[in-house]
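Shown next, in structure tokens, is the structure this report addresses.
The values are calculated or read from the model by the stated rules, or taken from the named source; none is laboratory data. Keep in mind the model is a prediction, meaning the values are calculated, not measured. Don't worry about glycine lacking a Cβ; one is built from the backbone with ideal geometry, like all the others, and counts go over all protein chains shown. Side chains are part of the model used for accessible areas, which takes the heavy atoms of the whole protein and leaves out ligands, DNA and RNA. Shrake-Rupley method; radii C 1.70, N 1.55, O 1.52, S 1.80 Å.
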Amino acid sequence: MWLLVLAACSRGPEDPRPALQAGFVEGRPVRLSPDDALRDGRHFEACIGYKQAARASLDDVPWRGLLMVAARDPGCLAPEAGASLAAWAKGREGWKDAVGEWEAGHDLWVDPATLSPPSRLRVLLRGTDQAAVVAAAEAVLAASPEDPFACAVVIQDAIDRGELAGALSVCASVRSSAVMRLRGRALDEAGRYADAVDAYDAAGFTLHAAAILYQELPERDAEALQRMDEDVPPVALHRGWRAVLRHEPVDVSRLDDSPEATMLRALAGSPTAIAALPDLPGLEPLVLHARLTGDLRRLEAELERAPTSDVLLRANLGIRLERGLDSSPAGSFLGSVNSDHVRLGGVVTRREAPWSAIVPWTWTYIGTRMHLRAVGGASPIGDAWVRAIDLPDEARDAALATLQAAHPELRGLARWRAGGSFLDAPPGCR
């Protein structure tokens, strides 16, 4: 008798699947199998596919898949449904990955070492150990060289470290949307704009491609306009930036309330938008406010914190020239800065707020308006560059790779190492 009572007390949670099953309605057919959809990160389709299979069966396979999708996309199952399924499945054979991902997604501690490489990767991504994340992604690729999620993680890491050529060599045959989007970004940063357009088009990111076309390849403006024919706020935003760059009137009627749209309204002359700029996040609104008001205090304070910022240096000079202000303070400041460091830092624009529209003055243009003395302030980064460029090819490449590893923020150096060029720079560069 006591044995029966103990057995009843030790019984785990009730199987929630029959009750959940009753709530699943017949869905529309999906093109991919749920396993393939999950692998490609198409969680909506995977969720539908697994629910259809789970509706017809209590086999573990579709239910494990369903819990895994719910761990990655909270919209797949109601929280209480997922929690009941995870509680019932915990400790059952074959469910460790799905339960582990669910628990990690709900702030419960999970030992990544107990999971398969794909699930270990997703659990580690919720932490802060980037080296462990990359190692886990590489472990996935060792077994599945074309796993799109692991490819995207490794490519993103290479981009973040300034290894653009490396980013372009990883998973070269994979053409998932996420991988092609990252490839487009790497090509964009490397200055390979036509190739970036092709990559974005292949990924279905038509507006990304259009932005590069009108911002960097104006001779292909007609192609950009063909890609911007929808009547939606993101397209209106890019049509507005294109108008600024072409010195045409900006149509603000279709813009939303985003910070980028506020900047466009400010450029179009809206006093309310200009007054709102100081409260917007990011560097672009700060610089634009200085340009439109002539108040350089915040810009100069930012420049003190980032004295080798290319866009801040050009803005400080360009605004003064545009407004007829005394440019000598900006010129003196420039004279104390290491020009090689400025060039190596480079300019990476957000296509939704292009620096070319906010700070339109190039070094070449500024040099035609005022005397720019050669600048050569002290900088360990500039000194390392000068030492490296005089070395033989192999030794130079190694030295610059070491410099990049120590300073991944040097996006100009990243571009140069990926085969790009320095198109514009302050005087005194080597």
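How big is the dipole moment of region 86-242 about its Cα centre under a simple scheme where the beta carbon of each Lys and Arg is +1, that of each Asp and Glu is -1, and everything else is neutral? Debye, nearest 20, please. Mind dumping the intermediate values first?
Working: 16 positive and 25 negative charges, 56 e Å.
Result for region 86-242 is approximately 260 debye, rounded to the nearest 20.
At 1.4 Å probe size, what's the solvent-accessible area of K90? Round to the nearest 10 Å².
120 Å²
Measure nothing but the geometry: give the 0 to 90° angle between the long axis through the Cα atoms of 206-216 and the longest principal axis through the Cα atoms of the chain, rounded to 10°.
Helix 206-216 and the main axis of the chain meet at about 10 degrees.
What's the angle, to the nearest 10 degrees (0 to 90), between helix 79-89's Cα axis and the longest principal axis of the chain?
The answer is roughly 50 degrees.
Using a 1.4 angstrom probe and counting only protein chains, how large is the accessible area of S177 in Å², to 10?
Surface open to solvent at S177 totals about 60 Å².
Hey, what number do you get for the chain at 222 nm if only DSSP H runs of n ≥ 4 count, each worth -39500 (n - 2.57), divided across all residues, to the nearest 500?
Theoretical 222 nm ellipticity from helices: -18500 deg cm²/dmol.
Based on Cβ point charges of +1 for Lys and Arg and -1 for Asp and Glu, what charge dipole magnitude is obtained for the chain about its Cα centre, in debye rounded to the nearest 20?
That gives the chain a dipole magnitude of about 420 debye.
Report the residue, chosen from G324, G240, G419, that carries the largest GNM mean-square fluctuation when the chain is represented by alpha-carbon nodes joined by springs under 10 Å.
Comparing G324, G240, G419 in the GNM, the peak value goes to G324.
So for the chain, taking the charge dipole from beta-carbon charges (+1 Lys/Arg, -1 Asp/Glu), which of H208, S327, Q130 sits furthest toward the positive end?
Toward the positive end, the furthest listed residue is S327.
Note the angle between two axes, namely the Cα long axis of helix 43-56 and the longest principal axis of the Cα atoms of the chain, as a number of degrees from 0 to 90, rounded to the nearest 10.
10 degrees
Counting other Cβ atoms within 10 Å of each Cβ, which chymotrypsin sites (Phe, Trp or Tyr not before Pro) in region 91-139 have at most 13 and sit in a DSSP loop?
Passing both the DSSP loop test and the Cβ count: W109.
Show me, for region 118-129, the HN-Hα J-couplings you get by feeding each phi into the Karplus relation (A = 6.51, B = -1.76, C = 1.60, θ = phi - 60°), rounded to Hz, glycine and proline as x.
Coupling constants for region 118-129: x, 6, 4, 4, 5, 5, 5, 5, 7, x, 10, 8 Hz.
Please name which of L66, S339, A46 has its Cα lying farthest along the dipole of the chain towards the positive end, using unit charges on Cβ (Lys, Arg +1; Asp, Glu -1) and the Cα centre as origin.
S339
Using a Gaussian network model of the chain with C-alpha springs under 10 Å, which one of R396, R227, R415 is most mobile by mean-square fluctuation?
Comparing R396, R227, R415 in the GNM, the peak value goes to R396.
Select one label from (i) 26.1; (ii) 30.1; (iii) 27.2: the one whose number is mean projected area of the Cα convex hull in nm² as derived from the coordinates shown.
Recomputing mean projected area of the Cα convex hull in nm² here gives the entry labelled (iii).
So what is the relative contact order of region 335-405, in percent, for Cα pairs below 8 Å that sit 6 or more residues apart?
The value is 45 percent.
Could you give each residue of region 217-228 its phi-based ³J(HN,Hα) in whole Hz, using Karplus coefficients 6.51, -1.76, 1.60 with θ = phi - 60°, and x for Gly or Pro?
Each residue's phi maps through the Karplus curve to give 10, x, 5, 10, 4, 4, 5, 4, 5, 4, 8, 10 Hz.
Looking at the chain as a GNM with Cα springs under 10 Å, which of D229, D107, D160 has the largest mean-square fluctuation?
Residue with maximal mean-square fluctuation among D229, D107, D160: D107.
Using amide H atoms built 1.01 Å from N in the peptide plane, name the residues 5+ places from G376, or on other chains, whose amide H lies under 5 Å from its own.
Under 5 Å from the amide H of G376: V337, S339.
Region 86-106 to region 18-32: how many Å between their Cα centroids?
One Cα centre to the other: 21 Å.
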